[in-house]
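Comments concern the structure below.
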């Protein structure tokens, strides 16, 4: 292959480019990115960058020296408009087309909005880009109240930052507890308690029907209207209700799209196309069904495997079998997930309640472990991650040994 084009110049795309060089590929690598910025890390946008603790250079994924040494070419501020698979051309509209021998699709996802609502009008916010975070930071500096629609990790991290800035925060969550659909009500209640202990007004089973932008006595305000006609006024509102994969540009291609770019377990879309990151919908062996995993570690691992497999070819490529790992920092607490929990899984606490709020939960589905969730349990979770590198290793024997270790450690403390 003389030229590999990576469409999507963020984390997964950057890791794919680095892996291509590490695997010995010496052809052209062209990264196409819709944003005009060079690749940067997104998790700090809702934390350190939002607070002003970190600057642009602190979240850069590549230094100028790395770009030069890796011999990477960038087409930034350019949006893919289509794909001609027959002639192996990436269509870029007025910006011209690019021919490729291999293509890596890493176009990611964008924040979901409410029907009919412009998420970029005054007082309304989402977080995906650096510009989004800068705009929200300005809104928080000038406002006193923030409404967060959605109680997931992103919304909870922004709540943590906003409270540190002295902003009053109300979180509106449609489920009985935050993240109940993924973590169940037991662990969701723990997460809600963390928020409430730091002054967040968490309102569960709150179904938002509409958001209206207006003004009160000449001052811009945002009104949130629930299904029960409850009306709440805020200076700023953050939408944190999930993400939509960026696949519209593939609509006229014959690439299979189903809530993401559908690929096999080796990340191939076709012999010359692979996919990775938030846009990839993979049939993961731990989950037993196809889904996207929208988290940092997954983007890194998928980017690396996709690039290596593209070079190896379909016959020699390896299946993606890494255990999903997710983390979130909220109000000084670290929440970590290893595996793929669901809200209807059976949940058990390993060991006993620790005085320092250090807890480790195990999730079971059909009698087998599906996930481990740690709260302020960094040392335990680090040990687990070191020992589990393949989905097959998350089994009953492993959980039984882990429970004994935790119980012994707690007894000796």
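For the reader, a short list of remarks on this structure follows.
- Test: residue in the stretch 207-214 that is at negative phi and out of contact with any strand residue (DSSP E or B) (no Cβ under 8 Å at 6 or more places or on another chain): no
- Condition met for residue 8 (within 25 Å of residue 91 (Cα to Cα) and touching a helix residue (DSSP H, G or I) at 6+ places or on another chain (Cβ under 8 Å)): yes
- Check on residue 177, outside any helix (DSSP H, G or I), touching a helix residue (DSSP H, G or I) at 6+ places or on another chain (Cβ under 7 Å), farther than 22 Å from residue 125 by Cβ and in contact (Cβ under 8 Å) with a residue 12 or more places away in the chain: yes
- Counted as qualifying within the stretch 1-89 are the helices (runs of 4 or more DSSP H) with 2 or more residues that are surrounded by 17 or more Cβ atoms within 10 Å (Cβ to Cβ), namely 11-22, 48-51.
- Residue within the stretch 335-345 that is within 17 Å of the chain's Cα centre (by Cα), in a loop (DSSP other than H, G, I, E, B), in the same structural domain as residue 89 (by TED's automatic domain parsing) and farther than 29 Å from residue 87 by Cβ present: no
- Exactly one residue out of 254, 258 is in contact (Cβ under 8 Å) with a residue 40 or more places away in the chain, out of contact with any helix residue (DSSP H, G or I) (no Cβ under 8 Å at 6 or more places or on another chain), over 26 Å from residue 373 (Cβ atoms) and loosely packed, with under 14 Cβ neighbours inside 10 Å: that is 254.
- Restricting 96, 77, 82 to residues that are at pLDDT below 95 and farther than 30 Å from residue 210 by Cβ narrows the list to 96.
- Residue match in the stretch 302-325 (condition: free of Cβ contacts under 8 Å to residues at least 60 places away in the same chain, touching a strand residue (DSSP E or B) at 6+ places or on another chain (Cβ under 9 Å) and under 30 Å from residue 169 (Cβ atoms)): yes
- Criterion applied to 139, 82, 96, 143 was being touching a strand residue (DSSP E or B) at 6+ places or on another chain (Cβ under 6 Å), over 22 Å from residue 207 (Cβ atoms) and not assigned by TED's automatic domain parsing to the domain that holds residue 200, and the one residue passing it is 82.
- Some residue of the stretch 323-339 being surrounded by fewer than 17 Cβ atoms within 10 Å (Cβ to Cβ) and over 30 Å from residue 410 (Cα atoms): no
Results for (1) free of Cβ contacts under 8 Å to residues at least 12 places away in the same chain; (2) closer than 19 Å to residue 223 by Cβ; (3) within 20 Å of the chain's Cα centre (by Cα); (4) crowded, with 22+ Cβ neighbours inside 10 Å, shown as yes or no for each residue.
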residue: 129; (1), (2), (3), (4): no, no, yes, no
residue: 136; (1), (2), (3), (4): no, yes, yes, yes
residue: 169; (1), (2), (3), (4): no, yes, no, yes
residue: 204; (1), (2), (3), (4): no, no, no, no
residue: 209; (1), (2), (3), (4): no, yes, no, no
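The values are calculated or read from the model by the stated rules, or taken from the named source; none is laboratory data. If you're wondering where the values come from, they're calculated on a predicted model, not measured in any experiment. Here Cβ is always computed from backbone atoms with ideal geometry, including for glycine, and neighbour counts include all displayed protein chains.
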